[in-house]
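The values are calculated or read from the model by the stated rules, or taken from the named source; none is laboratory data. These numbers come from a predicted model, not from an experiment. Here Cβ is always computed from backbone atoms with ideal geometry, including for glycine, and neighbour counts include all displayed protein chains.
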Amino acid sequence: MAFHEDGFDLTHPHQLSESDQPMDLEKFIQTMEEMNFSNSVFVDCTASQDVADAYSRVLEAKVAIVTPNKKANSSSMEQYRALKKIAKRRGVKFLYETNVAAGLPVINTLQDLMLSGDKVIRIEAVLSGSMNFIFSELENGAPFSEVVRVAKEKGFTEPDPRDDLSGMDVARKILILGREAEQELEFSHITIQSMVPDDCQDAPSVDDFFERLQGHDAAFAKLLADAKARGEKLRFMATLEDGMAKVGLKSLPDSHPFSSLKGSDNMILLTTDRYHDRPMIIRGPGAGADVTAAGVFADVIRIGNYTRE
């Protein structure tokens, strides 16, 4: 971490290295509070629970937050509401568009629908760019373990692909979408189907995981063959309806919008009172550092526009 009250000259990056010191979250926040700059923005690009737990203190210090970190908004409903209340009371923004689907305008769209008096009936979504890449690439004939390895090498998965295959990442995202749709949703309301075979769960390392995963290539090949025999495609998706959510692998007909997805694309279908006969569709790249960074940057700029207003 590095601090300088007059800022850093980015044309001379050595200034940063000359000023840096070991990261200490408590000291970082304390220094931020002491500097007390107006119109400050706290940007959290970690996946850390410790950092997410500090959000209430950051907002209380009248510092806005922009984050792709899903940990805060997918914890208890009580904490989710508390952060929103603090932000409103302190007059600062708490923006997290990139919590779901990287840079796609999903959160803002849902919020606008709710503000306009619409009501969400059902959400169907492919919310993991890594999982969509895996199951769409599987159709090309490569073994499942090899496709997962390629997804990891391309940076689509977490460093440990089990974090993606477990379905927990998608569960957090559908939980957040449900809450943005003003539904009382907790993790206990979500049924999650993990794609991690039982004997791979406790593999001591990622390399060991891949070695064990090879033993399940035939089982995944059969799932694919059975789907093809029915004229269907495999997609890892989430569904939310009537206050309950399901996350898991589904075999879908070619006519389903999700069957057309390729690579790391995400797609969200919003069925509402207003968009009832034909759901609203949001589609685009849902994984990758570039699109996520663009979404984070857009939220930062959005806060600058709020400040000017």
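Would a scan of the stretch 44-55 turn up a residue that is over 25 Å from Glu158 (Cα atoms) and either out of contact with any helix residue (DSSP H, G or I) (no Cβ under 9 Å at 6 or more places or on another chain) or crowded, with 16+ Cβ neighbours inside 10 Å (or both)? Can you show your working first?
Narrowing the stretch 44-55 to residues over 25 Å from Glu158 (Cα atoms): none.
For the stretch 44-55, residues over 25 Å from Glu158 (Cα atoms) and either out of contact with any helix residue (DSSP H, G or I) (no Cβ under 9 Å at 6 or more places or on another chain) or crowded, with 16+ Cβ neighbours inside 10 Å (or both): absent.
In this structure, Ser251 does not qualify as in contact (Cβ under 8 Å) with a residue 12 or more places away in the chain, closer than 23 Å to Val170 by Cα and in a helix (DSSP H, G or I).
Inclusion of Val300 among residues that are under 18 Å from Thr98 (Cα atoms) and surrounded by fewer than 19 Cβ atoms within 10 Å (Cβ to Cβ) is warranted.
What helices (runs of 4 or more DSSP H), lying completely within the stretch 1-85, carry at least 3 residues that are outside the structural domain of Ser128 (by TED's automatic domain parsing) and over 23 Å from the mean Cα position of the chain (by Cα)?
Values: elements: 14-19, 25-35, 49-53, 55-60.
Qualifying helices (runs of 4 or more DSSP H): 14-19, 25-35.
Any residue in the stretch 175-182 that is buried (at least 23 other Cβ atoms within 10 Å of the Cβ) and of a type in the set (Gly, Ala, Ser)? For the stretch 175-182, residues buried (at least 23 other Cβ atoms within 10 Å of the Cβ) and of a type in the set (Gly, Ala, Ser): present.
If we keep just the residues of the stretch 86-119 that are charged (D, E, K, R) and assigned by TED's automatic domain parsing to the domain that holds Ile301, which is surrounded by the fewest Cβ atoms within 10 Å (Cβ to Cβ)? Among residues in the stretch 86-119 that are charged (D, E, K, R) and assigned by TED's automatic domain parsing to the domain that holds Ile301, the one surrounded by the fewest Cβ atoms within 10 Å (Cβ to Cβ) is Arg89.
Restricting attention to the stretch 196-218, the residues being among the hydrophobic types (A, V, I, L, M, F, W, C) and within 22 Å of Gly263 (Cα to Cα) number 3.
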